[in-house]
Amino acid sequence: MLVSFLSKKILPVLGAVALAAMVAGCSDAQPPASDPAPSKAAAPPPETELNGLTAQELKDIAIFEQANGDSHGLTPKQVATTQANMRKDPIFRNRFLGVWTVQNPSDAWIVMEILYEVKPDLLVEAGTFHGGSANLWAIILEHINPNSEVITIDIEDKREPRAKELPIAKERVTFLLGSSTDPKIVAEVHRRAKGKKVIVLLDSLHSKEHVAAEIEAYKSIVGVGSYIIVQDTPLGPKAAIDEFLAGTDTFVADRKRERYSDTNSVRGYLKRVK
Ligand SMILES: C[S@@+](CC[C@H](N)C(=O)[O-])C[C@H]1O[C@@H](n2cnc3c(N)ncnc32)[C@H](O)[C@@H]1O
């Protein structure tokens with residue numbers, strides 16, 4: 001979820017290339033001549049910082065949304081501006097229990113309230129990234145519903161070791177490798193969701209087409225009173241949501257959830273009402 005919305009859309013094209021190049025420059029910096037030559041066993045040099053982000057973080061940001069292609073619909077100028085903003089955005093320095101977590105705290109708070117009200121048995125998250133958000137949802141849910149679990153899906157396993165080693169991850173989080181719209185993944189999620197109260201949280205590829213396909217794939221496992229939560233809606237996802245809501249009377253955008261002005265889920269809290 002999370003990101004100042006423009007942020008996420010950028011990296012793909014110019015972003016990935018430009019940032020990766022810049023980062024390569026940072027991380028390749030040579031130690032001063034007076035430093036002893038590093039031995040093979042020596043610890044790696046400290047990461048170079050830029051705008052408060054480490055070289056590794058910048059590298060990760062650069063690959064963060066590569067999969068978005070040009071579906072963000074931004075002009076090159078907007079891409080450049082967003083890239084610059086992204087490197088300053090404090091959201092990209094958020095960690096949960098030490099794991100990088102790209103959540104807007106305002107939206108994470110709203111998700112926490114929805115979890116408490118709905119008390120689901122299962123939260124299905126599309127978009128794992130480093131694994132921080134899946135653990136965050138699982139820890140909150142543990143205190144709400146002792147039988148709850150989280151399924152988190154990503155096309156790549158980028159989870160930090162710590163994200164996998166936390167007791168909460170071992171006990172309650174299942175990672176599925178693949179696209180959230182791959183029929184095999186969808187079938188597996190439906191199998192695991194049978195008979196359960198489910199919340200779906202979409203934070204993977206933020207293109208209109210992908211989010212529309214995700215909503216279509218998972219809407220039937222969300223019961224009345226529960227939610228599909230769509231993050232980073234302002235660009236692609238919002239168009240998908242508008243089309244979806246125009247063609248159904250079973251879900252509505254629960255706008256009262258948007259009480260924080262910095263929400264990245266504009267019209268993204270979709271409540272099933274019948
Ligand atoms: C915005 S990040 C997720 C952030 C994470 N939820 C958090 O709060 O830290 C988006 C993730 O979606 C993944 N992704 C991209 N396309 C995907 C797809 N088709 N299916 C599942 N995951 C996808 C990316 O690899 C990336 O790790």
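Each value in this text was obtained by applying a stated rule to the coordinates, not by laboratory testing. Everything quoted here is computed from the prediction, not taken from an experiment. Ideal geometry is used to build each Cβ from the backbone, glycine not excepted, and the neighbour counts take in all protein chains shown.
By how many nm would the segment from Lys194 to Val252 grow when fully extended, if each residue of separation counts as 0.36 nm and the alpha-carbon distance is taken off?
Separation in residues times 0.36 nm, less the Cα-Cα distance, equals 18.5 nm.
Could you line up Val102, Val124, Val189 from fewest to most neighbouring Cβ atoms inside 10 Å?
The order, fewest Cβ neighbours first, is Val189, Val102, Val124.
Among Tyr218, Gly132, Asn264, pick out the residue whose Cα is farthest towards the positive end of the charge dipole of the range 131-274, where Lys and Arg carry +1 and Asp and Glu carry -1 on C-beta, about the Cα centre.
Value: Tyr218.
Which pairs in the list Lys197/Lys219; Lys197/Lys238; Lys158/Lys197; Lys119/Lys274; Lys184/Lys238; Lys208/Lys256 are over 21 Å apart, alpha-carbon to alpha-carbon?
In this structure, Lys197/Lys238; Lys158/Lys197; Lys184/Lys238; Lys208/Lys256 exceed 21 Å between Cα atoms.
Give the order of Trp137, Trp100 when sorted by the count of other beta carbons within 10 angstrom, beginning with the fewest.
Arranged by neighbour count, lowest to highest, Trp137, Trp100 become Trp100, Trp137.
Residue separation times 0.36 nm, minus the C-alpha to C-alpha distance between Lys184 and Glu113: what's the value?
Length gained, Lys184 through Glu113: 22.4 nm.
Distance from a point 7 Å along Cα→Cβ of Glu156 to each backbone N in the range 173-189: keep the residues under 17 Å and list them by number.
Residues passing the 17 Å test: 176-180.
When only DSSP loop residues count, what chymotrypsin sites (Phe, Trp or Tyr not before Pro) in the range 209-274 have their Cβ near at most 14 other Cβ atoms within 10 Å?
Tyr260
Looking at the range 105-272, send over the antiparallel percent of its DSSP beta bridges, to the nearest 5.
Counting DSSP beta bridges with both partners in the range 105-272, the antiparallel share is about 25 percent.
Please state the shape class of the range 121-181: rounded when a/c is under 1.5, otherwise prolate if a/b exceeds b/c and oblate if not, all from the C-alpha gyration tensor.
Oblate.
May I ask you to derive the FRET efficiency for Lys88 and Ile144 from their Cβ-Cβ distance with R0 = 35 Å, giving the value to the nearest 0.05?
Computed FRET efficiency for Lys88 and Ile144: 0.50.
Check each of the GluC sites (Glu not before Pro) in the range 93-199 and keep only those in coil by DSSP with at most 13 other C-beta atoms within 10 angstrom; list them in order.
Loop-located and lightly packed - Glu156.
With only Lys, Arg, Asp and Glu charged, each at its Cβ (+1 for the first two, -1 for the last two), find how big the charge dipole of the range 105-272 is about the Cα centre; round to the nearest 20 debye.
So the magnitude is around 440 debye.
Over the Cα atoms of the range 105-272, what radius of gyration and what Dmax do you get, in Å?
Expressed in Å, the Cα Rg and Dmax of the range 105-272 come to 14.6, 43.
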